[in-house]
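Take a look at the structure set out below.
The values are calculated or read from the model by the stated rules, or taken from the named source; none is laboratory data. Since the structure is predicted, the reported quantities are computational estimates derived from the model, not experimental observations. In this analysis, Cβ positions are derived from the backbone assuming ideal geometry, glycine residues included, and neighbour counts consider all displayed protein chains. Note: accessible area is taken over every heavy atom of the protein model, side chains too, but ligands, DNA and RNA are not part of it. Shrake-Rupley method; radii C 1.70, N 1.55, O 1.52, S 1.80 Å.
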Amino acid sequence: MRSNMSRRILEKAEPTPGLLNYDAVVIGGGIAGMEASLDLAEMGFKVLLVEREPTIGGKMFLLSKVFPTLDCASCISTPKMAAVAHHPNIVLWTYSEITRIDIKGKGDFEITILRKPRFVNEELCTGCSTCEEVCPVVLPKEYDYGLRGRKAAYIPFDTAVPKKAVIDIDNCIFCGQCERACPAGAIDFMQRPRIYRVKAHAIIITTGYRLFPAERKEQYGYGKIPNVITAMQMERLLSPTRPFNSVLRPSDGKEPNSIGYVLCVGSRDRTVGNPRCSQVCCMYSIKQAQLILGALPLADVTIYYMDIRAYGKGFEEFYQKAKAMGVKFVRGRVAKIEGLPNGNVRLIYEDIDEGRVKSAEHDLVVLSVGLLPSNDDIISTIHGEKLAVDELGFIRVDPSTPTQTNIEGIFAAGCATGPKDIPDTILEAASAAARCAAYLKSLRQEKAVPVEAVANGGR
Amino acid sequence: MPRRELTMDRLKRELGVQPPKELTDYVKELTAVRNKVINCLRGGGELTVKEISVKTGLPESVVFWHLMTMFKYGLIEAAEKTDDGYYRYRLRGETHG
C-alpha cells in the first residue's frame, strides 16, 4: 500500500559542499550512543551523533521499568536525551543514515551521511501536534508495535527528542490538511534529502539490536492469533506512555485474568539459527510478571521456561520475589499455541518436572523474544577494511580490550557487540568513550591532530 | 484573498505524482470504519468493544484498535469497567443522553 515516494525523493538527494569535521561520530542514538556521546563531549571532544529514527532514545525509551530495581526506564533515558540535545559539544542528526564510511588512514575516516527530509522545518515546528490531529491517514504505530495507530504526519512520542513532527511521505495522500493547519507554517514538502561528507578521527558504533521476528516461530501463532503478543508489546502496555491505562488484550479489550509467558522464543534455538541466550529475556519476563501483578492484582501469571538465568547482581532475589508474589514457574518447552473461539489461547507444552505433555489455557500469551544483531547496514558501508563480526553477526571485540573492534579507531558498545542488559550496555558505552578519548589523545600526540577541531556545521 | 500555494501542490507538480489509489482507498475505508464506531457512541452511549462490534458488524479486534487510536487522540474516554473485565467507552465531551 505504501507509495514509493520516498525513493523518488531520495533520488533527488543533493550533496552539500564541503567537509564537516568532528573528533568522533557516534552511530546510533539509543542508551549506549547517548552515553558514549555525552562522555566524549564532557571530555571536550566534538561529537556528531547520528540516529536513523526521527527521535533518539532507542528501545530503552519504550520500556516500562528496568530490572531488578524497577526504576522507571524513561526517567533514566529522557534526561540523557535532553542532555544530548543541549550539549554544546554534541551535534545531533536524527532521521539520518550513514551511507558510506571510507577509511583514509589512521584516525582518518570520511563518512557520508544522508539526512532525510522530515518535510517539516525543524526551526519552525513547535511540536504542537496540530498536523497530527488533522491528518486523515491512520497507520500502525511502530513505537507501540502496532497496538494502536499513528497518523502519516506525526510526532514519534510526547517526549521525543527532538520533539518535531515528521511526515511519512510513503503514506501521505497529499491532502494538504497538515500544511493548511500548521500554525507555525512549518510544513515544507519542498524539503529534499541532503548528503553530507564528514571527517572524523574515530567512530563508535552503538546500533543496538533488533527483536527476533516472532512470526518466524509459526507454531506460536504470532500475527495470526490476536491474543499472542510479544514481550515488547507487553512493555508498551505497562509503560507510562502506554496506549491505555490498563493492560488489555488486543482481540476484544478484555483485562486478562490469566497470562502465560513463553521464554526463549527465537533464542537458544538452533532451528531459527540463533543458538545464543539473549541474556535479558528471563529477567524482563520476571519484571513484567511483577508489574502485571501490580496492575492486575487478581491476575495469574505463568512463566514457561527452559531454565531461569538470573545471573546478575540482585537477579536471583528478583526471581525469588516474583515467586513469592505468586508468579507460577513451569519448567517446560512450549510446543504449540492455539487460538480458541472465545479469544483465549491454549498452550501445549512439556512439563519437564512431571515428564508429560500438558495443555493450559490463558487469556493472553506473551512471547519473550530474543535479541538479534542490527549491524548489517553499517558493516556494508565500511570501505577499506572489513569489520569483524561473530558467527551471529554481532560486532567482534577483543575481550582483552573490550569495545575495540578489529579496525583501529572504530569502537563498538552495547548490544551491537552482543545481547546485554541496560547496566552492562551503559558500562560498555562509557568504556568505549574512554578508549575512544585515549585514542584521540594518542593521535594528537602522534600526528598533532587538533582534537579541538571545530565542527563547521549543524549547530 | 488569493489562496496561498501549498508546498504540497508544488511537490505534486514537480514530481508529477498522485497518491496511489490503494492508499486513498485504504484511507476511505479506514475513515468509514472509524465513523461507524463514532456513530455508535453518539448520543452519549457507553459501550464495550463487544457491544460496538455487534452493532457495527466490525470484528472486535478492529473496533478495539480504533478505540485505542481514538483514545490517544482524545476522541474517546473510558467509562466504567464491567464485572467480566471489559471497559465501556464513550465519546469525549458527550454525556449520557
Worksheet item: Straight-line reach from residue A:441: which lysines have a Cα under 30 Å away, not including same-chain ones fewer than 8 places off?
Response: A:46, A:80, A:104, A:106, A:199, A:386, A:420
Discussion item. Taking 8 Å as the Cα distance limit and 6 or more residues as the minimum spacing, I'd like the relative contact order of chain B as a percentage.
Written reply: 28 percent
Response to the item:
Contact-by-burial set, region B:20-46, min loss 10 Å², accessible area of protein heavy atoms with 1.4 Å probe, reference chain alone, gives B:20, B:22, B:23, B:24, B:26, B:27, B:30, B:34
Worksheet item: So which residues in region A:189-209 end up with at least 50 square angstrom less accessible surface once the other protein chains are there, compared with the chain by itself, probe 1.4 angstrom?
Response: A:190
Worksheet, complete the sentence: Residues meeting the amide H criterion for residue A:149 (H placed from the backbone, H to H distance under 5 Å, 5 or more places apart or on another chain) are A:141, B:69
Practice prompt. May I have the convex hull volume per residue, in Å³, for the Cα set of region B:1-71?
Written response: 148 Å³
Fill in: GluC sites (Glu not before Pro) restricted to region A:345-419 and DSSP loop, no more than 16 other C-beta within 10 Å
A:354, A:385, A:391, A:408
Worksheet item: Average partner chain C-beta neighbours within 10 Å, per residue of B:7-14?
Response: 6
Practice prompt. Would you work out if region A:1-129 is rounded, prolate or oblate? Take a ≥ b ≥ c from the square roots of the eigenvalues of the alpha-carbon gyration tensor; rounded if a/c is under 1.5, else prolate when a/b is larger than b/c, oblate otherwise.
Written response: oblate
Response to the item:
With all protein chains present, region B:19-91 has a carbon and sulfur share of its accessible area (1.4 Å probe) in percent of 52 percent
Worksheet item: What pairs from A:224/B:55; A:65/A:163; A:151/B:72 go past 18 Å between their alpha carbons?
Response: A:224/B:55; A:65/A:163
Response to the item:
By the C-alpha gyration tensor axes a ≥ b ≥ c (rounded if a/c is under 1.5, else prolate when a/b exceeds b/c, else oblate), the shape of region A:122-190 is oblate
Item to complete: Using a 1.4 Å probe over the heavy atoms of the protein chains, calculate the carbon and sulfur portion of the accessible area of chain A as a whole percent.
Response: 51 percent
Practice prompt. Compute the signed sum of charges (Lys and Arg +1, Asp and Glu -1) over the other residues within less than 11 Å, Cβ to Cβ, of residue A:8.
Written response: -1
Item to complete: Starting from the Cα gyration tensor of chain A, take the square roots of the eigenvalues, sort them a ≥ b ≥ c, and report rounded, prolate or oblate (rounded when a/c is under 1.5, otherwise prolate if a/b is larger than b/c, else oblate).
Response: oblate
Practice prompt. Would you mind giving the total buried accessible surface between chains A and B, with a 1.4 Å probe and ligands, DNA and RNA left out, rounded to the nearest 100 Å²?
Written response: 3700 Å²
Item to complete: Compare the peptides A:30-41, B:72-83, A:200-211, A:295-306 by average per-residue count of other Cβ atoms within 10 angstrom and give them in order, highest first.
Response: A:30-41, A:200-211, A:295-306, B:72-83
Worksheet item: Between region A:379-413 and region A:102-134, how many Å separate their Cα centres?
Response: 26 Å
Item to complete: Return the residues of region A:249-295 for which accessible area with all protein chains present is lower than in the chain on its own by 50 Å² or more; set the probe to 1.4 Å and exclude ligands, DNA and RNA.
Response: A:252, A:255
Item to complete: Can you work out the accessible area per residue across chain A, with the rest of the protein chains kept in place, probe 1.4 Å, in square angstrom?
Response: 39 Å²
Worksheet item: So, with +1 on the Cβ of K and R and -1 on the Cβ of D and E, and no other charges, what is the size of the charge dipole of region B:19-91 about its Cα centre, to the nearest 20 debye?
Response: 240 debye
Worksheet entry | Net charge, residue B:33 excluded, C-beta distance under 15 Å - Lys, Arg +1, Asp, Glu -1 | +2
Worksheet item: Going down the list A:59/A:287; A:141/A:313; A:217/A:313, which pairs span over 28 Å between their C-alpha atoms?
Response: A:141/A:313; A:217/A:313
